[in-house]
Amino acid sequence: MTQKNIFLLRTLANLTRFVVSYVNGFFGVWCVFPHFTFGRAEMNKNELIAKVAKDTRLTRGEAGEAVEATIENIMKALRQGDDVRLIGFGTFTVTRRKAGEARNPQTGKTIKLPASKRTRFKAGKRLKEAVNG
């Protein structure tokens with residue numbers, strides 16, 4: 001095993017949150033965070049609803065309705081072209097993307113891309129502080 005191969009394996013291990021060891025000609029691979037997805041924890045919508053219900057002492061159904069209404073109202077405002085600013089949390093905006101051209105790498109043909117809208121989110125100060133500690 002060359003030094004270059006060992007370096008590449010260790011780099012890959014650092015990127016994927018796995019531990020790689022090479023002892024007496026054998027490789028060992030262990031996942032550092034087996035309950036994470038590639039080292040990242042995830043929360044789905046049902047888990048969010050459960051936490052909202054617990055924190056606000058609402059029933060799960062009421063909390064679900066509140067979360068759904070919040071999401072729907074954010075989407076409705078963005079659809080109308082409005083920005084949604086939640087002070088401390090962040091800002092949702094819609095940006096317009098001009099029509100353009102791209103090239104299909106397999107065929108080399110030029111493809112026309114239509115104009116479209118994209119949603120953007122910029123984290124607010126309190127959210128940044130919470131994430132960064």
Listing Leu78, Leu113 by rising number of other beta-carbon atoms within 10 angstrom, fewest first, gives Leu113, Leu78
Do any trypsin sites (Lys or Arg not before Pro) in segment 69-133 lie in a loop, going by DSSP, with at most 12 other beta-carbon atoms within 10 Å of their beta carbon, and if so which? Lys98, Lys109
Can you spot the lysines whose alpha carbon is less than 18 Å from Lys76's alpha carbon? Ignore those fewer than 8 places along the same chain. Lys117
How many nm is it between the label spots at Ala41 and Arg60, if each spot is 7 Å from the Cα in line with the beta carbon? 2.1 nm
Mind giving me the nanometre distance, one decimal, between the label points for Phe89 and Lys109, set 7 Å out from Cα along Cα→Cβ? 4.5 nm
What is the extension gain from Ala99 to Ser116, computed as 0.36 nm multiplied by their sequence separation minus the C-alpha to C-alpha distance, in nm to one decimal? 5.4 nm
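Rule-based calculations on the coordinates, nothing more; no lab input. Treat the numbers as computed from the prediction; the structure is a model and nothing was measured. FYI the Cβ positions are ideal-geometry reconstructions off the backbone, even for glycines, and counts take in every protein chain you see.
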